[in-house]
Amino acid sequence: MSNWSKSAFYGGIYTKTQPQTNCLQCDAKISCKYYKFANQLKNYQEILKAGWEKSKNLSRTTGTFGQLYRHTQTKVQAKWPVVRGLYLSIKDNLKIHLTKKQELYWPLLISAVLLLLVLVSKIAFAGSLASPNNFPIEDSSKFNLIGFEKKTASGKICSKDEKADSRIEKVAEASDNKKEELKNEIASVVKNTPMAAMIDSISEKPRPVAAFIVGIAMKESKFGVYSPKKDRRDCYNYWGYKGRENVTAGGYSCFSSPEHAVEVVGGKIESLVDRGVKNPAQMISWKCGRSCAGHGQANVQKWISDVAIYFNRINS
């Protein structure tokens with residue numbers, strides 16, 4: 001019974017028994033592993049030969065395809081001994097070389113792996129302020145996983161996002177300039193009044209909110225000159241605000257500090273501005289509540305015009 005017949009009978013590919021190599025007889029473990037690999041190659045060779053024998057027994061088509069097949073088969077059969085001889089020669093030489101030089105190749109392999117790990121670590125963690133490595137890799141390098149930083153001729157460290165950082169710095173600088181400008185405008189209005197203690201807190205608010213804070217305070221308390229007090233202490237309530245914060249006998253909120261007052265009252269005004277209140281006429285609910293029916297048209301108009309004096313000055 002041929003090998004192919006045995007393969008069909010037993011339900012799998014039959015190969016002849018290969019000589020087993022005892023690992024204990026090998027000079028080193030790497031040699032033993034190589035012998036096993038060589039035996040596997042021989043098994044694959046037997047499988048290929050069996051497949052080739054089977055393919056020769058298949059039916060042949062006629063015509064041009066059949067001629068092409070026979071021509072190709074003739075060429076392959078003519079070159080097969082040469083290919084097989086070259087394969088066996090390379091395999092034997094490689095086996096002998098690796099067996100003799102394995103003490104050399106193991107250290108080289110380990111050194112190459114360690115060098116690769118060092119390179120990868122330098123590239124992966126190149127986002128620090130320090131110079132990431134000594135490799136001349138530019139910011140546009142494909143190896144730049146996180147973002148190299150390089151030094152210019154002046155010694156300045158530049159990153160991939162330098163332009164974005166520059167834009168952010170310019171925006172922050174412009175914001176600071178606007179805040180300082182608003183602070184100076186508020187100071188020119190409320191200086192030498194009790195409300196001067198709130199200049200820094202008010203200047204942190206958006207300009208329309210700050211303008212309402214100043215305008216309403218002027219109308220309701222002359223910037224804190226006339227304001228509620230509790231236990232002879234200033235409540236910092238310069239807007240006639242009635243809330244839940246430490247209520248006085250008159251129902252007004254008594255705040256613990258100027259910052260606390262601006263935080264609460266400014267937050268209330270900011271919520272109204274966010275809902276569409278843009279001018280003193282639309283802010284009249286601060287005076288009237290839900291309805292101005294009992295306040296008189298003249299009083300309502302007077303409140304609007306007085307608040308508008310400093311609102312327009314700050315919000316211009």
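Read-outs throughout are calculated quantities, based only on the coordinates presented, and are distinct from any laboratory measurement. Model, not experiment: these values are computed from the prediction. Because the Cβ atoms are built from the backbone with ideal geometry, glycine has one as well, and the counts that use them run over all protein chains shown.
How far apart, in nm, are two points set 7 Å out from the Cα along the Cα-to-Cβ line at Gln282 and at Glu173?
Simple spin-label model gives 3.5 nm for this pair.
Just to be sure I understand the model, the point goes 7 Å from the Cα along the line to the Cβ. What's the resulting Asn246 to Asp274 distance in nm?
A separation of 2.6 nm, rounded to one decimal place.
Step through the table entries Lys179/Lys302; Lys222/Lys278; Lys230/Lys278, compare each Cα-Cα distance with 26 Å, and write down the pairs that go over it.
Over 26 Å apart, Cα to Cα: Lys179/Lys302; Lys230/Lys278.
Determine, for Asp92, Asp234, the number of other Cβ atoms within 10 Å of each Cβ, and report the residues in order from fewest to most.
Result, fewest neighbours first: Asp92, Asp234.
Could you order peptides 106-116, 275-285 by the average number of other Cβ atoms within 10 Å of their residues, highest first?
275-285, 106-116
For Gln297 paired with Leu88, estimate the spin-label separation in nm (one decimal), with each label point 7 Å from Cα along the Cα-to-Cβ line.
11.9 nm
Just add up the charged neighbours of Lys230: K/R +1, D/E -1, any other residue whose Cβ is under 14 Å from the Cβ of Lys230.
Combined, the nearby Lys, Arg, Asp and Glu give +1.
Between Glu180 and Asp306, what is the FRET efficiency for a Förster distance of 41 Å, r being their Cβ-Cβ separation, to the nearest 0.05?
0.90
With r as the distance between the Cβ atoms of Leu119 and Gln45 and R0 = 45 Å, compute the FRET efficiency 1/(1 + (r/R0)^6) and round to 0.05.
Efficiency at R0 = 45 Å is approximately 0.65.
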